[in-house]
Amino acid sequence: MGHAPADESAGVPIRRLTPKAVRRGVEILCERDAGLAGIVERQGVPPVRLRKAGFATLAQIIVEQQVTLASGRAIWARLEGGLDTVTPETVFARTVDDLRSMGLSIQKATYIHGIAAAALDGELNFRRVHRADDEGAREQLIRMKGVGRWTADIYLLTAMGRPDVWPRGDLALDTALMWLKRLRKKPRPERIDKLTGPWSPWRSVAARILWLGYVHEVKGG
């Protein structure tokens, strides 16, 4: 994923985005890319809004796979209501059918139940995930059934706050990138890597800028 950006005041790599780091990343990206600069000029600096790292957030990202934001939130609210609190213990104490009755598909219920078991027996150790570099953290997450590249990347970006992650397969980002670069069709993964490469080591910040552009200018335009 490239080198982590350095904290210029301390000379050490930034492993987790802060509001200050995001502002610095935005400044650098705006100098490099006029299209991103235009979005920031019109929409402002993207908010950080990091999620709480851990099992519940990973489970919520799985719930959000391939559904609209509104649907994902509604299903998650039902799951929280049924369990009171979403932890490996409360999930594993229920059956897959119990989880299905709370709005999950059988596939997602199976995935989340399995990840709860992995968290309880130590196969999935979030402390170990959070200590790893980007690739190491991604590899540990992808070992879990139901966690693909997109899910792992979204977790690294929105929960771990890693600064240089581009979520592959994110429909909104793919659409926004086509719009920004005036492409006629969705680019292949290798083409996306080339297009986003100049934004490293701030690709997480670039993604947040493009999400703003998608919501306010592409989708809402």
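Starting from 0.36 nm per residue, how many nanometres of slack lie between GLN66 and ARG131 once their C-alpha separation is accounted for?
Taking GLN66 through ARG131 to full extension adds about 20.5 nm, to one decimal.
Restricting the calculation to Cα positions, tell me the Rg (one decimal) and the Dmax (whole number) of the chain in Å.
Both quantities, over Cα of the chain: 18.1, 53 Å.
What full-extension length gain, to one decimal in nm, is calculated for ARG143 and LYS186 as 0.36 nm per residue of separation minus the Cα-Cα distance?
Between ARG143 and LYS186, full extension yields an extra 12.7 nm.
Any idea how far apart ARG16 and ALA117 come out in nm if each label point goes 7 Å out from Cα toward Cβ?
So the label points at ARG16 and ALA117 sit 3.2 nm apart.
Compare the peptides 62-75, 197-210, 163-176 by average per-residue count of other Cβ atoms within 10 angstrom and give them in order, highest first.
Highest-to-lowest ranking by the protection proxy: 197-210, 163-176, 62-75.
What is the Cα centroid distance between segment 66-108 and segment 158-190, reported in whole angstrom?
Centre-to-centre distance over Cα atoms comes out at 28 Å.
Quick check: pseudo-label points 7 Å beyond the Cα along Cα→Cβ at ARG23 and ARG78, how many nm apart are they?
4.3 nm
Helix-only estimate, please: 222 nm mean residue ellipticity of the chain, summing -39500 (n - 2.57) across DSSP H runs of length 4 or more and dividing by its residues, to the nearest 500. All intermediate terms of the calculation are to be shown ahead of the outcome.
On the way: 13 runs with 130 residues, N = 221.
Helix contribution divided over all residues of the chain: -17500 deg cm²/dmol.
Find how much the distance from ARG42 to THR110 grows on full extension, using 0.36 nm per residue of separation minus their present alpha carbon separation; answer in nm with one decimal.
So the chain would gain 20.2 nm between ARG42 and THR110.
Any read-out appearing in this document is the output of simple, stated calculations on the displayed coordinates, not a laboratory observation. Since the model is a prediction, treat every value here as computed from it, not as a measurement. Cβ coordinates were reconstructed from backbone atoms using ideal geometry, including for glycine residues, and neighbour counts include every protein chain displayed.
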